[in-house]
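The values are calculated or read from the model by the stated rules, or taken from the named source; none is laboratory data. Everything numeric in this text was worked out from a predicted model, so none of it was measured. Quick reminder, even Gly has a Cβ in these numbers, built from the backbone with ideal geometry, and neighbours come from all protein chains shown. We work out accessible area using only protein heavy atoms, side chains counted, and drop any ligands, DNA or RNA first. Shrake-Rupley method; radii C 1.70, N 1.55, O 1.52, S 1.80 Å.
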Amino acid sequence: MKKIPVLIDVDTGIDDAMALVIACASDKLDILGVTTVAGNVALCHTTPNTCNVLHLLGRGDIPVARGEEKPLERELVDAAYVHGDDGLRGWTFDQLHDEALVAAPAWEFLRDKLLQSEEKAAILALGPVTNIALLLRRCPEIKEKIDKIVFMGTSYRTGNPTPITTFNVLVDPEGFRELLFSGIPIYACPLDTTREAYLLAEEVEEIARIDNPAARMTTAILGGYGRNAKSEGQSESAQQELKAGRRFKGVARLHDPATVAYLTDPQLFTATKYYCDVECKGEITTGFTVIDMENYYGKSEEERNLWFVDSIDREGFVQLFLDSLRSYS
């Protein structure tokens, strides 16, 4: 089977680490490289986290390029209150394995890898899209070498960390707007859908019984995911509800892993094409993705710029995740 050439852009915190578990286990992907960006935590943590996770998964051969420390036009807002100060709450590495770290900055590394690829490559964007937007600003002609961008973010009716915005868009809305109007096919895995990519308690227990380094890391970081989170601005009762896992279904939601799964196993999902824009100047709505599901703007099929992934086969996804973890034994 022909593999999909892919570049993966990450802000490695907890869910990025689990996304790399699926990506590195898949026999459907040819991973050309990984780039890091500030997002969940600062770049000084996302880069070593990425290198170390790849090494743990037996893929320390994949080149890693360090990306941008802040968004295109604003200061960084991180999510250390969820992921821990170093990004992998619940798991620490004994030493740094950065042998595969390259000197080129991420945008330049992406450019070179795309130019060297004999066929168009996909980009998996699992964090704020600053690196990719910078690439498109500096080398607009490179878009002819990109098959699609699969992005974790956007929402239609629900948000995080605000009522209407998703983190990866909120951090760099200008960057996401660059992608939306680039002409490149954009596939968004929104919170509306990835919140259905949840694990039940018994499924977490099943992961804990798998005896290999990938499963041990996953068990540890799942244990820290949300339980120690600080929900600033929420009432005490809302914080307790979040900690107890009652706000949404299941005990953990795997947003980034579901996004990887869309590229490897699209039959588990459905998607519909809409016109989308993003608010960059709102006082309380910055980062809000306006997805025109009713076609109020009267956009033609060609003018619609976002494939909105609107459903997931949860059981099929969980089986894929479990199979990926078992493959490291």
Across (1) open to solvent by less than 20 Å² (accessible area, probe 1.4 Å); (2) outside any helix (DSSP H, G or I); (3) under 24 Å from residue 329 (Cα atoms), residue 65 clears everything bar (3)
May I ask you to verify whether residue 120 is open to solvent by less than 60 Å² (accessible area, probe 1.4 Å), of a type in the set (D, E, K, R) and within 15 Å of residue 6 (Cβ to Cβ)? no
Could you check the stretch 76-102 and list, in sequence order, the residues that are open to solvent by 60 Å² or more (accessible area, probe 1.4 Å) and assigned to a helix (DSSP H, G or I)? 81
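Can you find, within the stretch 246-280, the residue that is nearest to residue 223 (Cα to Cα) among those that are among the charged types (D, E, K, R) and at pLDDT 95 or above?
256
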For the stretch 192-203, which positions are crowded, with 22+ Cβ neighbours inside 10 Å and assigned to a helix (DSSP H, G or I)? 193, 194
Quick test of your reading of the structure: residue 111 fulfils all but one of (1) charged (D, E, K, R); (2) crowded, with 16+ Cβ neighbours inside 10 Å; (3) touching a Gly at 6+ places or on another chain (Cβ under 9 Å). Name the failing condition by number. (3)
What number of residues in the stretch 1-24 are small (Gly, Ala, Ser) and either touching a Pro at 6+ places or on another chain (Cβ under 8 Å) or surrounded by fewer than 24 Cβ atoms within 10 Å (Cβ to Cβ) (or both)? 1
Within the group 110, 96, 126, 114, which residue is touching a residue at least 40 places away in the same chain (Cβ under 8 Å), under 28 Å from residue 25 (Cβ atoms), of a type in the set (A, V, I, L, M, F, W, C) and touching a Leu at 6+ places or on another chain (Cβ under 7 Å)? 110
Conditions: (1) touching a residue at least 40 places away in the same chain (Cβ under 8 Å); (2) more than 12 Å from the chain's Cα centre (by Cα); (3) farther than 21 Å from residue 110 by Cβ. Residue 27 meets all but one. Number of the miss? (1)
Could you tell me whether residue 141 is free of Cβ contacts under 8 Å to residues at least 24 places away in the same chain, part of a loop (DSSP other than H, G, I, E, B), over 19 Å from residue 19 (Cβ atoms) and open to solvent by 20 Å² or more (accessible area, probe 1.4 Å)? no
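Based on what the data block shows, is residue 178 assigned to a helix (DSSP H, G or I), charged (D, E, K, R), open to solvent by less than 40 Å² (accessible area, probe 1.4 Å) and farther than 17 Å from residue 66 by Cβ?
Against the criterion (assigned to a helix (DSSP H, G or I), charged (D, E, K, R), open to solvent by less than 40 Å² (accessible area, probe 1.4 Å) and farther than 17 Å from residue 66 by Cβ), residue 178 does not qualify.
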Residue, surrounded by the most Cβ atoms within 10 Å (Cβ to Cβ), within the stretch 31-48, restricted to residues that are without any contact (Cβ under 8 Å) to a residue 40 or more places away in the chain and part of a helix (DSSP H, G or I): 43
Pairs with Cβ under 9 Å, 6+ apart, first in the stretch 250-277 and within 27 Å of residue 294 (Cβ to Cβ), second assigned to a helix (DSSP H, G or I) and open to solvent by 40 Å² or more (accessible area, probe 1.4 Å): 277/177
Just give me the residues in the stretch 144-159 being surrounded by fewer than 19 Cβ atoms within 10 Å (Cβ to Cβ) and assigned to a strand (DSSP E or B), in sequence order. 147, 148
Within the stretch 292-305, is even one residue crowded, with 16+ Cβ neighbours inside 10 Å and among the aliphatic types (A, V, I, L, M)? no
